[in-house]
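Notes for the one structure printed next.
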Amino acid sequence: MEKEALIWLGELAIIHASGKDTEGNYCLIELYATSEGSPPWHVHQNEDESFYVIEGELTISVGDKTYKAKKGDYILAPKNIPHTYTVDGSGFARVLLMCSPAGFEEAVRAMSEPATSLVPPNPEGAEIDFEIISEVANKYGVKFVEPPGA
C-alpha cells in the first residue's frame, strides 16, 4: 500500500489504505486537524466514520452527545448521524479516520490537492469555499446539515 499525501481543506491528510487496498471494506486516513479546519455539521449517508486520536485533543460531537477525546480515545460516528469536531487548543491533533465501507477517500481526493511534503501546512488564511465543498461532498453521500436541536 502506497501512502497518498493531500492538502484537504487546508490540512494534511494521508491516505494509508483505500478501498482498493481493503477490497472495499474501509479506508484509513491520517489527518493533522487544526482548530481552523473544523468541518460543518454533516452526515455520511454511505459509511460509518470513526476517529482514533493519536496526538492532541478534540471535542467530537455525534448527534446530541459530545466527547472530549484525547490520545488513545476512539469515537464512532455512525452513518446518518450528524457529527462534527473541533481541535482543542492551538496546534493540531493527529487523528486516524476510518470509514467503513470504503469510498470516503474518493471524496477527500476530490476536495484536495497533492501535498508537496509531509509537513502540516499553516492553516491560517486558508480559503475554503464551503458552498463548493458542499456540492462535491454531496456527490459522495456527505451532506452538510444543521446542528441537532438548531
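What follows is calculated from the coordinates using simple rules that are stated; it is not laboratory data. Everything numeric here is computed off the predicted structure, so don't read it as measured data. Glycine also receives a Cβ, built like all others from the backbone with ideal geometry; neighbour counts cover every protein chain displayed.
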- What do the square roots of 5 times the Cα gyration tensor eigenvalues come to for region 91-150, in whole Å, largest first, as semi-axes of the equivalent ellipsoid? 22, 17, 14
- Please sort by residue number the GluC sites (Glu not before Pro) in region 41-82 whose DSSP state is loop and whose Cβ has at most 16 other Cβ atoms within 10 Å. E57
- Task: Hey, for a label at K3 modelled as a point 7 Å past Cα toward Cβ, could you say which residues of region 94-121 have their backbone N under 15 Å away?
- Result: 94-97, 115-121
- region 1-40: percent of C-alpha pairs farther apart than 17 Å? 36
- Message: Through the Karplus equation 6.51 cos²θ - 1.76 cosθ + 1.60, θ set to phi - 60°, convert the phi angles of region 5-15 into ³J(HN,Hα) values in whole Hz; use x for Gly and Pro.
- Response: 9, 9, 9, 10, 6, x, 10, 6, 10, 10, 7
- Ordered by residue, what ³J(HN,Hα) values in Hz, to whole numbers, does region 39-54 give under the Karplus form 6.51 cos²θ - 1.76 cosθ + 1.60, where θ = phi - 60° and Gly and Pro are x? x, x, 3, 7, 10, 9, 8, 10, 8, 7, 10, 10, 10, 10, 7, 8
- When the Karplus curve 6.51 cos²θ - 1.76 cosθ + 1.60 is applied with θ = phi - 60°, which whole-Hz ³J(HN,Hα) does each residue of region 97-111 get, with x for Gly and Pro? 9, 10, 10, 9, x, 5, x, 4, 4, 5, 5, 4, 4, 5, 9
- Based on the Kirkwood radius over alpha-carbon pairs, what value in µm²/s does the Stokes-Einstein equation return for the translational diffusion coefficient of the chain at 4 °C and 1.567 mPa s? 85
- Item | Dimensionless Rg/Rh of region 8-67 - Kirkwood Rh, Rg from C-alpha atoms | 0.96
- Query: Using alpha-carbon positions, what is the distance between the centroids of region 102-150 and region 3-68, in Å?
  - Reply: 10
- Looking at region 17-73, which trypsin sites (Lys or Arg not before Pro) are in a loop (DSSP not H, G, I, E or B) and have at most 15 other Cβ atoms within 10 Å? K20, K70, K71
- List T66, T86 from most exposed to least, where exposure is judged by having the fewest other Cβ atoms within 10 Å. T66, T86
- Query: Quick one: net charge of P148's neighbours, Cβ under 10 Å, K/R +1, D/E -1?
  - Reply: -1
- Message: Give the aspartates and glutamates reachable from K79 as a straight Cα distance under 12 Å; neighbours fewer than 8 places away on the same chain don't count.
- Response: E47, D48, E49
